[in-house]
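Chemist: This is the structure I have questions about; it appears just below.
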Amino acid sequence: MQRREMLGTVMGALGAVGVMGAGVGDARAATQWKLATGYKPETLHTQNIEQFARDVEKATAGDLKIAVHPNNSLVKLPEILGAVQSGKAEAGEMLMSAMVKDVPLAGADSVPFIVSSYKDAHRLWQYQSPLLEKHLIDEKGVVPLYAVPWPPQGLFTVKPVRTKADFQGLKMRTYNATTVRIAELLGAQSVDVAAPDIPKALASGQIDSMITSSLTGVESQIWTHTKYYYELNAWIPKNLVFVQKKALDALSPATRKAVLEAAKAAEERGWALSEAALRASVNELRSHGMTIDRISPELSKDINRFGEKFSREWVRTVGNDATRLFVPFYTQAP
């Protein structure tokens, strides 16, 4: 099953859970917004944004129309925050970890081995959201609308791994400083490989393990070269959809309310879509003969220690905001 078909199945199964409220339009000319995203039309995030735009148009009786510009067609992904600030686009979407140079707190969900489930990730977002909102509004003039996670990062290997010692001699695909550090902590050899080059790197033996999402595994047809997938849930990164505060404030109160209600529905729908995409992609891996497993208790202990190490380092780097986020996250855990 290809990724487009899989996501289409997921969307159909969940249905369009949108804001279909009463019309709030008036005699004024319709307001037009542009929403820029770097992701392809078939991704779960872009499909969710398209539904959000339809919900807004219907709820406002056409008073506000949002044109979605996917796949870097309006603005390149790293430039989207600046484009929304300047008004080149009224709204945009970015991977939150791509915003860390402007707002360090946005990197919380990419600190490895902090969350281990969607429930953890959602609880982290509840603490992170108000802190992030303040920074974005006060410093950047943009308002967060909603956030949706990607499926969690799992572990693919060519052989079974039960302990840290099993990583000795493995060549692990890395693509940023964090993944290089994880490879070092596990005792694996770090090999820099871009996502499009994964199949070739596996076929040539350049790599024999990697941490990435099950969706990427399906897209790369990883079962051709690897047989094991461990539900590591190393981190659960999120995309953030946001709008220029000036553009939001310019709306009528009724239209603004409709946007915020549609955003709330989009967040709920998006989290459900992400979980459904995870189940579908793992089932696809299993259908091709891959062994799906959880990491062993012994390896889990090492991973938890890595999480503590990464979180301490991140707190030292980010400062007080990180403390205000992690203290309640850890101390108020259920």
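Chemist: From (1) open to solvent by 20 Å² or more (accessible area, probe 1.4 Å); (2) of a type outside the set (D, E, K, R); (3) at pLDDT 95 or above; (4) assigned to a helix (DSSP H, G or I), pick out the condition that doesn't hold for SER300.
Modeler: It fails just one condition, (3).
Chemist: Under the condition of being under 18 Å from THR226 (Cα atoms) and crowded, with 18+ Cβ neighbours inside 10 Å, which residue from the range 145-165 is farthest from the chain's Cα centre (by Cα)?
Modeler: The qualifying residue farthest from the chain's Cα centre (by Cα) is VAL161.
Chemist: Same structure again: Looking for something under 23 Å from SER110 (Cα atoms) and at pLDDT below 95 - is there at least one such residue anywhere in the range 222-229?
Modeler: no
Chemist: Take the range 246-276 and flag every residue that is closer than 24 Å to ALA106 by Cα and more than 23 Å from the chain's Cα centre (by Cα).
Modeler: LYS246, ALA247, LEU248, ASP249
Chemist: Between a residue in the range 254-267 that is in contact (Cβ under 8 Å) with a residue 40 or more places away in the chain and of a type in the set (Val, Ile, Thr) and any residue that is assigned to a helix (DSSP H, G or I) and open to solvent by less than 40 Å² (accessible area, probe 1.4 Å), which pairs come within a Cβ distance under 6 Å, given they are 6 or more apart or on different chains?
Modeler: Listed pairs, sorted by first residue: VAL259/VAL56.
Chemist: Now a separate question. Does VAL68 satisfy the criteria of being under 20 Å from SER274 (Cβ atoms), among the β-branched types (Val, Ile, Thr) and open to solvent by less than 70 Å² (accessible area, probe 1.4 Å)?
Modeler: yes
Chemist: What are the pairs, 6+ residues apart or on separate chains, where a residue within the range 159-174 that is farther than 12 Å from LEU186 by Cα has its Cβ under 9 Å from a residue that is aromatic (Phe, Trp, Tyr) and open to solvent by 30 Å² or more (accessible area, probe 1.4 Å)?
Modeler: LYS159/TYR228; PRO160/TYR228
Chemist: Among the numbered criteria (1) open to solvent by 30 Å² or more (accessible area, probe 1.4 Å); (2) under 21 Å from LEU248 (Cα atoms); (3) assigned to a helix (DSSP H, G or I), which single criterion is violated by LYS88?
Modeler: (3)
Chemist: Right, something else. Across the range 266-297, which residue is farthest from GLN47 (Cα to Cα) among those that are among the β-branched types (Val, Ile, Thr) and not in a strand (DSSP E or B)?
Modeler: So the residue we want is ILE295.
Chemist: Pull up the range 251-265, narrow it to residues that are more than 19 Å from ALA36 (Cβ to Cβ) and among the small types (Gly, Ala, Ser), then point me to the one that is most open to solvent (accessible area, probe 1.4 Å).
Modeler: Result: ALA254.
Chemist: What's the number of the condition SER97 fails, among (1) part of a helix (DSSP H, G or I); (2) open to solvent by less than 30 Å² (accessible area, probe 1.4 Å); (3) touching a Gly at 6+ places or on another chain (Cβ under 6 Å); (4) at pLDDT below 95?
Modeler: Among (1) part of a helix (DSSP H, G or I); (2) open to solvent by less than 30 Å² (accessible area, probe 1.4 Å); (3) touching a Gly at 6+ places or on another chain (Cβ under 6 Å); (4) at pLDDT below 95, SER97 violates only (2).
Chemist: Could you say which residue among GLY62, GLY82 is assigned to a helix (DSSP H, G or I) and without any contact (Cβ under 8 Å) to a residue 40 or more places away in the chain?
Modeler: Criteria check complete, one pass: GLY82.
Chemist: If you don't mind, there's one more thing I want to ask. Output the number of residues of the range 104-123 satisfying the condition of being in a helix (DSSP H, G or I) and not basic (Lys, Arg).
Modeler: Here the count works out to 11.
Chemist: Specify which of the listed residues (LYS40, LYS58, LYS34) is at pLDDT below 95 and either touching a strand residue (DSSP E or B) at 6+ places or on another chain (Cβ under 6 Å) or open to solvent by 80 Å² or more (accessible area, probe 1.4 Å) (or both).
Modeler: LYS40
Chemist: Among the residues in the range 124-141, are any outside any helix (DSSP H, G or I) and crowded, with 18+ Cβ neighbours inside 10 Å?
Modeler: Taking every residue of the range 124-141 in turn, none turns out to be outside any helix (DSSP H, G or I) and crowded, with 18+ Cβ neighbours inside 10 Å.
The values are calculated or read from the model by the stated rules, or taken from the named source; none is laboratory data. Remember, it's a predicted structure, so these values are computed and weren't measured experimentally. Here the Cβ is made from the backbone with ideal geometry for all residues, glycine too, and neighbour counts use every protein chain on show. Surface areas here come from the heavy atoms of the whole protein model, side chains and all, with no ligands, DNA or RNA. Shrake-Rupley method; radii C 1.70, N 1.55, O 1.52, S 1.80 Å.
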